[in-house]
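These notes are about the structure you will find just below.
Readers should treat all values here as calculations from the given coordinates under stated rules, not as data from a laboratory. Nothing here was measured: the structure is a model prediction, and the numbers come from that model. Because the Cβ atoms are built from the backbone with ideal geometry, glycine has one as well, and the counts that use them run over all protein chains shown.
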Amino acid sequence: SAVAKVEAVDRLNVRFILKEPQPYFLELFTPSSMVVYSKKALDENNQDLRKVIAPGTGAFMFKERKVAEKWVMVRNPNYWDPEIPYLDGIELLHIPAWTDRGTAVLTGQADYSPNVSLETHQEGMKRKDIVGTVRYPGEFNSYQVHINNERKPFNDPRVRKAINLAVSRQNLIKAFGTQEPIMLTRWMTHASEFATPLKELETMPGYRADKSADLAEAKKLMAAAGLADGIKNVDFVSASVAPHAEILAPAFQDELKRTLGIETKIRVMERALLIEEMKKGTFDMMVQTEYRSPIGDPGPGWEMCLKTGGSLNFSRYSNPEFDKLLKQVNGERDKGKRKQLFAQGMALLDQTAPLYLIGFTDHLPMWRNNVKGHNSEARVFSELGRVDTFWLDR
């Protein structure tokens, strides 16, 4: 933790004392998931509010949950602002990603979805009489294949780098095209000011469309690792949701076999169970969406996903050289110097290949025309944050 201590200045102000400079610290308070709970509530529940209805001061209160169907929330009559929320309640529906969500809005079964499939978004663009939809130009979410760095032969960085060179990101992005727009990206969201420019990225090994030189180098790396004939019986885990199990996982499986002779067996699991599988490390590879940063700055994302022992480091990557560089990145306040350090970090990640990043996404919200106050047209990412200003024009 970067926090040395927290002091209550007075009833309305708090002071955070940091152990060292951290350029993005204030940004960490902006995601909607960053909630401040009372010390009393935390102490009463042994610092764990995951098994109780967490106390809060939000615009809506929990009323009911129907498993695999919906959550029902009702207006908080004691909300700090007496003028809002405008709605009497919200129903959060469990609808499979992503086509079904778009269809639900198009047919009036739902009023709003923060992300629909590309095909239903395109249909919505033709139906502006009933719905609105936009494309957010840069998300904090990505698709990746975790490669277990602790399991042989994937503990050899030459094998992981060979996979990153040989497997075509363009082919995977095209295969997933009807579902979500995935962008060509390099270790951070394309929305970041520190990201490699697309025109430059399209010429780089592992990211360029022409795979001839990359594939030749990948085969040399496999041969040097003693795996010129490929690998058999690789355990490849995927969530049971159709876009993962029926599109991305088979597409990646085909690329591995066709280019490097790596043969995988896809093991499908309920998505809710994947987190335990990742924690235990009982897999060789896994299609996932956990590689991300909670804010636009890539720094905390690298801390969570790539630093030794990071909370989301499910590939189990451990590299003292990278950890040392990351400490510099997240302690440097000069933006120009940080950009140079991020570039060094990405070059190191290209060489050691902790995982296979397919790419970060753009999201596609859709809403019925009578839904107002969400301001989706002006947003830049899909995490709603506050919904107390939503209202219905009926």
Computed over the chain: longest principal axis from alpha-carbon atoms vs helix 249-260 long axis, angle to nearest 10 degrees, is 20 degrees
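In percent, what relative contact order does the chain have, based on Cα pairs under 8 Å that are 6 or more apart in sequence?
26 percent
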Length gained if Thr178 through Lys66 is fully extended, taking 0.36 nm per residue and subtracting the Cα-Cα distance, is 37.3 nm
For Glu263, other-chain or 5+-apart residues with amide H closer than 5 Å (H placed, Pro excluded) are Ile231, Lys232, Asn233, Val234
1/(1 + (r/R0)^6) with r = Cβ-Cβ of Trp391 and Met269, R0 = 51 Å, i.e. FRET efficiency to nearest 0.05, evaluates to 0.80
For Lys199, counting only lysines whose alpha-carbon sits under 18 Å away and dropping same-chain residues fewer than eight positions off, the answer is Lys211, Lys339
A correct Karplus calculation of ³J(HN,Hα) over region 132-143, with 6.51 cos²θ - 1.76 cosθ + 1.60, θ = phi - 60°, whole Hz and x for Gly and Pro, returns x, 7, 9, 10, 6, x, x, 10, 9, 9, 9, 10
With R₀ set to 45 angstrom, the calculated FRET efficiency between the beta-carbons of Asp88 and Thr289, to the nearest 0.05, is 0.85
From the cross-link list Lys5/Lys66; Lys257/Lys280; Lys70/Lys128; Lys19/Lys335, the entries with a Cα-Cα span beyond 30 Å are Lys5/Lys66
Among trypsin sites (Lys or Arg not before Pro) in region 1-53, those in a DSSP loop whose Cβ has at most 12 other Cβ atoms within 10 Å are Arg11, Lys19, Arg50, Lys51
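For region 231-357, what is the percent of antiparallel DSSP beta bridges, rounded to the nearest 5? Mind showing how you got there, number by number?
Details: 0 of 9 bridges.
About 0 percent, rounded to the nearest 5.
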So the angle from the long Cα axis of helix 320-329 to the longest Cα principal axis of the chain, reported in degrees to the nearest 10, equals 40 degrees
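Taking only DSSP H segments of four or more residues, each worth -39500 (n - 2.57), what value at 222 nm results for the chain once the sum is divided by all its residues, to the nearest 500 deg cm²/dmol?
-8000 deg cm²/dmol
Assign unit charges at the C-beta atoms only (+1 for Lys and Arg, -1 for Asp and Glu), then state the dipole size of the chain relative to its Cα centre in Debye, rounded to the nearest 20. Before the final figure, lay out the partial values.
On the way: 54 positive and 51 negative charges, 112 e Å.
Magnitude of the dipole: close to 540 debye.
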Yeah, region 142-360 with a ≥ b ≥ c from its alpha-carbon gyration tensor (a/c under 1.5 is rounded, else prolate when a/b outruns b/c, oblate otherwise) is rounded
Helix 157-166: inclination vs the chain longest Cα principal axis, degrees, rounded to 10, gives 80 degrees
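Of all DSSP beta bridges located in region 142-360, what percent are antiparallel, nearest 5?
Approximately 50 percent, going by the DSSP bridge assignments.
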Plugging the Cβ-Cβ distance of Thr203 and Trp80 into 1/(1 + (r/R0)^6) at R0 = 41 Å yields, to the nearest 0.05, a FRET efficiency of 0.20
Those chymotrypsin sites (Phe, Trp or Tyr not before Pro) from region 43-107 that are DSSP loop and have at most 12 other Cβ neighbours within 10 Å turn out to be Trp80
Options (i) 4, 19, 29, 26, 16, 5, 1; (ii) 4, 19, 24, 25, 19, 7, 1; (iii) 4, 22, 32, 26, 12, 3, 0, 0 for P(r) over Cα pairs in 10 Å bins from 0, in percent; the value derived from the coordinates is listed as (i)
